[in-house]
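Working notes, structure below.
The values are calculated or read from the model by the stated rules, or taken from the named source; none is laboratory data. Given the structure is predicted, the values throughout are model-derived calculations rather than measurements. With ideal geometry, Cβ positions are generated from the backbone for all residues, glycine too; neighbour counts draw on all protein chains shown.
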Amino acid sequence: MKVLVVDDEARIQDVIYEYCKIEHFMVDFASNGEEALKKINQGHYDIMVLDIMMPKMDGFEVLKLIPKEKKIPTIVLSARGEEYDKLQGFDLDIDDYLTKPFSPKELIARIKAVTKRNGLKKREKFHYKTLEIDYDGHTVKIDSKLINLTPKEYDILCFLIDHKNMAISREQLLSKIWGYDFFGDDRTIDTHIKMLRNNLGQYRDLIVTVRGLGYKYSDEKE
């Protein structure tokens, strides 16, 4: 299970990390709302533990701005325990609300309960001929041999596959993979695509150049 903890207090982050480690949960952190949105758009999380009072952007605003396709089960962990705050949270489709100070053991129990209710599912492996992507293991194999991709190459490949046959612009790739709007030249994406194709070897042609725009994944002969 991969947990995103969004809280600007280092002490809270440390406590949650220690208890999640006992359960063998993977944990990622964001210290403000803007950072949380970038991480959500870039990666996959099974559940989010979200503080409300944070710098730059509060937790309620984060909930409003998460793209529909990126919505994840959420437990609010906040010092604000008024009924109004709880109702506002549930109106924004959170799954649970826990007030500070809190019991770390209770938080872990609630994480397990929420993910169980939401039917935590493993993502199916991707196969094309002898190319295999294990999303849970974060690995790529060709002819049963592990291919050593960088994290960005892996993310680009998965994003293009998830949007099979759709032309994706360089700007979209930078926004989704790097998490920011692109105002420079195209070399960042082109360089990573070149390295990705080299690593894919016999399957390099699955990454198709869309002239004047960007790239797409296609396993259909044109």
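Laid out as a table, the results:
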quantity	calculated
Region 53-88: number of residues that are outside any loop (DSSP other than H, G, I, E, B), under 16 Å from the mean Cα position of the chain (by Cα) and either within 15 Å of Glu9 (Cα to Cα) or basic (Lys, Arg) (or both)	2
Filtered residues of region 162-176 (kept if surrounded by 16 or more Cβ atoms within 10 Å (Cβ to Cβ) and closer than 19 Å to His127 by Cβ)	none
Top-ranked residue in region 26-52 [being in a loop (DSSP other than H, G, I, E, B) and at pLDDT 90 or above; ranked as farthest from Val5 (Cα to Cα)]	Ile52
Residue check, Asp136 outside any strand (DSSP E or B), surrounded by fewer than 16 Cβ atoms within 10 Å (Cβ to Cβ) and under 18 Å from the mean Cα position of the chain (by Cα)	yes
Where a residue in region 1-18 is under 17 Å from Asp46 (Cα atoms) and buried (at least 19 other Cβ atoms within 10 Å of the Cβ) and its partner, wherever it lies, is modelled with pLDDT under 95 and among the basic types (Lys, Arg), with Cβ under 9 Å and at least six apart	Leu4/Lys39; Val6/Lys39
Candidate set: region 89-133, residues that are within 30 Å of Gly201 (Cα to Cα) and more than 20 Å from the chain's Cα centre (by Cα); chosen: the one surrounded by the most Cβ atoms within 10 Å (Cβ to Cβ)	Leu131
Of all residues in region 161-192 being in a helix (DSSP H, G or I), touching a Lys or Arg at 6+ places or on another chain (Cβ under 9 Å) and of a type in the set (A, V, I, L, M), the one that is modelled with the lowest pLDDT	Ile177
